[in-house]
Amino acid sequence: MTVRVPGKVNLQISVGPLRADGYHELVNVFHAVSLYDEVSAAPSDRVRVRVSGEGADQVPLDEDNLAGRAARLLADRTGHPARVALEIRKAIPVAGGMAGGSADAAAALVACDALWGTDLSAGELHALAAELGSDVPFALMGGTAVGRGRGEDLVPVTARGTFHWVFALAPGGLSTAAVYAECDLLRRHEAVPEPAASDALMAALAAGDAKALGAALANDLQPASLALRPQLAKVLRAGEDFGALGGIVSGSGPTCAFLAESGRHAEELALALSDAGVCRAAVRATGPVPGAVIV
Ligand code: C5P
């Protein structure tokens, strides 16, 4: 049983006040892009996890592996024995701000549910996904969606056409929790308003207007990611210099996302970013794409 699952970029992250449970109230516009991990599930004597591909050596294989936790959670809730060998093939950068770990967890839920014949409804899968992490439900759903609450409360957004992206991959990752903590630190003397969706962004998506979308990209976590990884300022500047319609830190970073005018422009932009030596690699992808699917 093999499931293909996309990574995501956040077109907008509006970070509201810190809640009592340690999470932040968000308005989070998720956009699934054609950078995919694959998760295969096969019968085994217990939960085993193997990882290959992009950044595989940085993925934990122990109890912390989110795909393994997904399998154990599904087993626990359905009463099915927790026995599966998960094989994860990675293309989504690890700890890169593209929700790769969350994607693998979503894929593991779908793959185990099919392998074990536990046959959960979409709503039941969503609830388990939300327990695993804030970004896991969106990886099930894909497309473009607004996440509220801590990000798990999802409503699909109408987006016209296809957008062309270039992702500048950084060496090493950033911890999401550390970036949120830095964001709190940077804003400690400010009154933090409730998060709000950007009307300009929604209009750009509905119209399929890449230029307007590029101008509307916004990430409240970006100053924190830049504070923890100052080199990212150079990456963002390079993207701008090479004519990106917009550039942004993806999620909590350190991957930077650039919007291009066309597939051709994305190709040129990726080459220019690679040649400039500001990133480990520059990869192209399009969005929106569907969420986790059995292949
Ligand atoms: O839910 P998830 O495990 O993906 O979140 C990772 C970390 O990111 C949390 O422990 C928390 O520090 C931070 N976070 C947050 N507010 C959110 C989502 C995540 O502070 N809405």
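The values are calculated or read from the model by the stated rules, or taken from the named source; none is laboratory data. Keep in mind that this is a model prediction, so the values were computed, not measured. Note that each Cβ is placed from the backbone with ideal geometry, even for glycine, and that neighbours are counted across all protein chains shown.
Brief remarks follow.
- Only one of GLY123, GLY68, GLY143 that is buried (at least 21 other Cβ atoms within 10 Å of the Cβ) and out of contact with any Cys (no Cβ under 9 Å at 6 or more places or on another chain): GLY68
- The set of residues from segment 1-20 being at pLDDT 95 or above and near the ligand (Cβ under 10 Å from one of its atoms) comprises ILE13, VAL15, GLY16.
Rundown of residues vs (1) within 28 Å of GLY247 (Cβ to Cβ); (2) in a loop (DSSP other than H, G, I, E, B); (3) touching a strand residue (DSSP E or B) at 6+ places or on another chain (Cβ under 7 Å), yes/no style:
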site	(1), (2), (3)
VAL110	no, no, yes
ASP113	no, no, no
ALA127	no, no, no
ALA159	yes, yes, yes
HIS164	yes, no, yes
LEU174	yes, yes, no
ALA196	yes, yes, yes
ALA203	yes, no, no
ALA206	yes, no, no
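- Residues of segment 208-225 satisfying the condition of being in contact with a strand residue (DSSP E or B) (Cβ under 6 Å, 6 or more places away or on another chain) and among the charged types (D, E, K, R): ASP220
- Hits in segment 131-152 (condition: under 26 Å from ALA285 (Cα atoms), small (Gly, Ala, Ser) and within 16 Å of the ligand (Cβ to nearest atom)): GLY133, SER134, ALA139, ALA145, GLY147, GLY151
- Within segment 153-165, if we keep just the residues that are within 15 Å of ALA32 (Cα to Cα) and of a type outside the set (A, V, I, L, M), the residue that is nearest to the ligand (Cβ to nearest atom) turns out to be PRO156.
- Candidates ALA181, ALA168, ALA122, ALA114, filtered to the one that is within 16 Å of the ligand (Cβ to nearest atom) and modelled with pLDDT of 95 or more: ALA181
- Number of positions in segment 129-154 that are among the small types (Gly, Ala, Ser) and not in a strand (DSSP E or B): 7
- Matching residues, segment 184-194, being touching a strand residue (DSSP E or B) at 6+ places or on another chain (Cβ under 6 Å) and more than 13 Å from the ligand (Cβ to nearest atom): GLU194
- Hey, VAL278 hydrophobic (A, V, I, L, M, F, W, C), in contact with a strand residue (DSSP E or B) (Cβ under 9 Å, 6 or more places away or on another chain) and more than 28 Å from GLU38 (Cα to Cα) or not: yes
- Here is the figure for segment 34-81: residues that are over 25 Å from PRO290 (Cα atoms) and in contact (Cβ under 8 Å) with a residue 60 or more places away in the chain total 2.
- Lone unmet requirement of (1) at negative phi; (2) over 18 Å from the mean Cα position of the chain (by Cα); (3) surrounded by fewer than 23 Cβ atoms within 10 Å (Cβ to Cβ); (4) of a type in the set (Gly, Ala, Ser) for SER134: (2)
- Residue in segment 190-209 that is surrounded by fewer than 23 Cβ atoms within 10 Å (Cβ to Cβ), in contact (Cβ under 8 Å) with a residue 40 or more places away in the chain and among the acidic types (Asp, Glu) present: yes
- Of all residues making up segment 21-34, the number that are near the ligand (Cβ under 9 Å from one of its atoms) and of a type in the set (A, V, I, L, M, F, W, C): 1
- Test: residue in segment 214-230 that is away from the ligand (no atom under 15 Å from the Cβ) and farther than 24 Å from GLY16 by Cβ: yes
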